[in-house]
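Notes follow the structure.
Every number here is computed from the coordinates shown, using simple stated rules; none is lab data. Here the structure is a predicted model, which means the values were calculated and not measured. Here Cβ is always computed from backbone atoms with ideal geometry, including for glycine, and neighbour counts include all displayed protein chains.
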Amino acid sequence: MSRQLAVGFVAALVCMLLAADAWAARRSVRIEFGGEWTDFNDSPSIGSAGCPGTTAGSPLIARGGYTFAGYTPLAVSGESYCQSTVASEFDAGDIPVDEPGLATLVARANDAVLGIRYTIANGSPLDPATPIRFQWAFYDFPNGVTIAALYGLVDDLGDDIPVSDASTYLREGASTLWGGGEGLDDAYFCFVDGDYVGLWSGDVDEPGSACMQPFATFFADGFE
């Protein structure tokens, strides 16, 4: 079943997922239908030029010398795709309410943030036999910080599936920087000028955060 035919169904599904997610221990997948993100109907498929760092049929994403793996046993289908932010439309108001720290950073950066979201799925959302999907999202800030989020796993009934397991990881070359067994909850992965500096809790006032340090100078220079 094509993504085009699934739009109506998925719109209702997303509402259910987001409502259920307000009570979950972490955030569920996000799907946008145009405006501030690439339209769902026109989103490029995993493995295409519009999804840089991907290979058709693979759940791995290569970006900046790092490999991002989310639930690698997943049989990746042609229903996997990317969505990118539209620079003239995307702003802090487009960040879901359960990510207040990220929304604050986007607002303080005058909404000058670029994002790309990779949705990895094992089938059509219309097929109850293949309901699993997860997402990697990357938000690039003008001060050289990139914040990456892993969303999901959630099935089409809103039931939680562990977001990380032994197959989930962040690697630089052959070195594992984070493994799924360490847990994640609602934390983000943070990179400063291309270097991984660790997990960020999502709290903009996190004491001693290596991720938040570059923002202190950035905001002081007139972006607050």
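Sorting 65-74, 168-177 by average packing, meaning the other beta carbons within 10 Å per residue, from highest down gives 65-74, 168-177. Of the two radii for the range 44-148, the radius of gyration is 1.00 times the Kirkwood radius, both from the alpha carbons; that is the Rg over Rh value.
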